[in-house]
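**Student:** If you scroll down you'll find the structure; I have some questions about it.
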2 protein chains.
Amino acid sequence: MSLPHAILTALLEKPSSGLELTRRFDRSIGYFWSSTHQQIYRELGKLERSGQIRALPSAQPARGQKKEYEVLPAGREELAAWIALPEDPRPVRDPLLLRMRAAAVVGAEGLGAELRRHLALHRSQLEEYLRIEERDFPPERTADEDRLRHIVLRGGIDMETFWIGWLTRALADEPVLREGPAALDEPAPAEG
Amino acid sequence: MSLPHAILTALLEKPSSGLELTRRFDRSIGYFWSSTHQQIYRELGKLERSGQIRALPSAQPARGQKKEYEVLPAGREELAAWIALPEDPRPVRDPLLLRMRAAAVVGAEGLGAELRRHLALHRSQLEEYLRIEERDFPPERTADEDRLRHIVLRGGIDMETFWIGWLTRALADEPVLREGPAALDEPAPAEG
DNA sequence: TGTAGCATGTAAATTGTTACATGATTGC
DNA sequence: GCAATCATGTAACAATTTACATGCTACA
């Protein structure tokens, strides 16, 4: 149950409206805690009612009107307390690993193509992380927050590297995953 | 939405009752698709009503009585079709990375201890996977299903290895994570 | 004035979690 | 008989996803 904490973190980094938060949950914060605008608006309402955030005075209370929030002391305290709270790693729940296990009983038809597709996606995500690293974390920076944020980004980099390595090795080692994605002289596969 | 597929896979590997499935979702299948008995019973009901599985004839329909299920052809087809279905990797949602990002704005008090705790948990999980690998996948085995299941297990091994590497490096590099679990000769540091 | 895009929301359905309830079987 | 354990479930709630609804602003 970390969505409120993700929102508090984002708002401490920079006071924002719901839509601005939504956009930041598509990059930045969103790289390790994804969310949608529906969840965000609902949670902003809860956080406001519980006195952890407030709308900036300038904001109109009308619908369709931009409404910016900032974190109150109670919210900051809640966040600091949460950081130290013991919480075990989530049990893994990964559809791709599950599909491969299923393939062991009903056949790997079509799985090789999916692995190659995922490999491309992870490579592209890794490239994006590396661009961000180059842009935001030049070697000379040493403020505490920068170093911690850099470690977080390295988490993303290492995770993508893990997927790329695992997928590459699986495809290289395993003959049953080597079927072509579609014959070259057939019409292009439809995309939805 | 993969729980039904996880159950179909588990039942194809071996027809089972709800409780037996629950136990296998605590190890084996559960290493990459976790679930609880409540979800499992609910889903078994749905799968039975939709004709993808059936209770074995021997099973009594009484409460408290063991009831074993097996997969019907429709279930096997559904599973085979699902394997080839394009499905993007889930967006990451990791509380530990989020906590570190939060620590960059409100301070890392207590976070180092959590990282060390997680490091120990991941090391122990890795050891378990390596024991399973040694026991179930000796070098000479070469059946298709065994090789695929071995690749899945290697996914778990590589993932734990990634976490261990990232945590180790973070703890080694970052001074603000080096606080003791509680200072031995000081009162607990106040935090504003 | 109409339409595209910005911005904030509501509603419903699904999925996942936590706590509890009930019946059967086994060993004492 | 009774307690422990096996086994199957219900109920209530929380989190997440998907689809839709509404109001504002700019601009052609």
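**Student:** Could you tell me which GluC sites (Glu not before Pro) in region B:124-183 are loop residues by DSSP with no more than 13 other beta carbons within 10 angstrom of their beta carbon?
**Tutor:** Counting only loop positions with at most 13 other Cβ atoms within 10 Å, the GluC sites (Glu not before Pro) in region B:124-183 are B:Glu140.
**Student:** Sticking with this one: Before I look further, what does the protein assembly as shown give for accessible area per residue, probe 1.4 Å, in whole square angstrom?
**Tutor:** 53
**Student:** Additional query: If I take R0 = 25 Å and measure r between the Cβ atoms of B:Glu128 and A:Arg116 in this structure, what FRET efficiency does the formula 1/(1 + (r/R0)^6) give, to the nearest 0.05?
**Tutor:** 0.25
**Student:** Still on this model: Tell me which of A:Gln65, A:Thr168, B:Thr9 sits at the most positive position along the dipole axis of the protein assembly as shown, charges placed on C-beta atoms (Lys, Arg +1; Asp, Glu -1).
**Tutor:** A:Gln65
**Student:** Let me ask another. For B:Glu68, enumerate residues with amide H under 5 Å from its amide H, sequence gap 5+ or separate chain, H modeled in the peptide plane.
**Tutor:** B:Leu56, B:Ala59
**Student:** A follow-up question, please. Per residue Cα convex hull volume for region B:3-81, in cubic angstrom?
**Tutor:** Convex hull of Cα atoms, per residue: 84 Å³.
**Student:** Pop out the ³J(HN,Hα) list for region A:173-178 in order, Karplus 6.51 cos²θ - 1.76 cosθ + 1.60 with θ = phi - 60°, rounded to Hz; leave Gly and Pro as x.
**Tutor:** Once rounded to whole Hz, the list reads 7, 10, x, 5, 9, 8.
**Student:** Which lysines have a Cα less than 21 Å from the Cα of A:Lys66, not counting those fewer than 8 places away in the same chain?
**Tutor:** A:Lys14, A:Lys46
**Student:** Let me know the Rg and Dmax you get for the protein assembly as shown when you use only its Cα atoms, in Å.
**Tutor:** 23.8, 75
**Student:** What total accessible area, in Å², is buried where chains A and B meet, using a 1.4 Å probe and rounding to the nearest 100?
**Tutor:** By this definition, chains A and B bury close to 6800 Å².
**Student:** If chain A were replaced by its equivalent ellipsoid, with semi-axes equal to the square roots of 5 times the Cα gyration tensor eigenvalues, what would those be, largest first, whole Å?
**Tutor:** 40, 21, 17
**Student:** Taking the Cα centre of region A:95-177 as the origin, how large is its charge dipole in debye, to the nearest 20, when only Lys and Arg (+1) and Asp and Glu (-1) carry charge on their Cβ atoms?
**Tutor:** That gives a dipole near 300 debye.
**Student:** In whole percent, and with a 1.4 Å probe on the protein chains, what portion of the accessible area of the protein assembly as shown is carbon and sulfur?
**Tutor:** 53
**Student:** Projected onto the charge dipole of chain B (+1 at Lys/Arg Cβ, -1 at Asp/Glu Cβ, origin at the Cα centre), which of B:Ala104, B:Tyr41, B:Pro91 gives the Cα projection farthest towards the positive end?
**Tutor:** B:Tyr41
**Student:** Further, regarding this structure: Between A:Pro15 and the same site in the other copies, what are the distances in nm, shortest first, taking label points 7 Å from Cα along the C-beta direction?
**Tutor:** 6.6
**Student:** I need the inter-copy label distances for A:Ala81: point set 7 Å along Cα to C-beta, values in nm with one decimal, smallest first.
**Tutor:** In nanometres, ordered from closest: 5.0.
**Student:** As a check on your grasp of the helix formula, calculate [θ] at 222 nm for chain A: sum -39500 (n - 2.57) over DSSP H runs of n ≥ 4, divide by the residue count, round to the nearest 500.
**Tutor:** Numbers: 7 runs with 111 residues, N = 192.
Calculated mean residue ellipticity at 222 nm is -19000 deg cm²/dmol.
**Student:** When only DSSP loop residues count, what trypsin sites (Lys or Arg not before Pro) in region B:12-53 have their Cβ near at most 16 other Cβ atoms within 10 Å?
**Tutor:** Listed in order of number, the matching sites are B:Arg27.
**Student:** Ranked from the most accessible area to the least, with a 1.4 Å probe and all protein chains present, what is the order of B:Arg123, A:Arg117?
**Tutor:** In descending accessible area the options line up as B:Arg123, A:Arg117.
**Student:** A follow-up question, please. Any chance you could look up the accessible area of A:Leu72 with a 1.4 Å probe, heavy atoms only, rounded to 10 Å²?
**Tutor:** 50
**Student:** Using a 7 Å offset from Cα along the direction of the beta-carbon, what are the separations from B:Ser124 to the same position in each other copy, nm, ascending?
**Tutor:** 4.0
**Student:** Further question on the same structure: Only four residue types carry charge here, +1 at the Cβ of Lys and Arg and -1 at the Cβ of Asp and Glu. Report the dipole size of region B:3-81 about the Cα centre in Debye, rounded to the nearest 20. Walk me through the intermediate numbers first.
**Tutor:** On the way: 12 positive and 9 negative charges, 53 e Å.
Taking the Cα centre of region B:3-81 as origin, the dipole is about 260 debye.
**Student:** Additional query: About the Cα centre, and with charges only on the beta carbon of Lys, Arg (+1) and Asp, Glu (-1), how big is the dipole of the protein assembly as shown? Nearest 20 debye, please.
**Tutor:** The calculated dipole for the protein assembly as shown is roughly 1240 debye.
The values are calculated or read from the model by the stated rules, or taken from the named source; none is laboratory data. Computed from a prediction, not measured in an experiment: that's the story for all the values here. For neighbour counting, all protein chains shown are included, and Cβ atoms are generated from backbone atoms with ideal geometry for every residue, glycine included. Remember, those area values only see protein heavy atoms, side chains included, never the ligands or the DNA or RNA. Shrake-Rupley method; radii C 1.70, N 1.55, O 1.52, S 1.80 Å.
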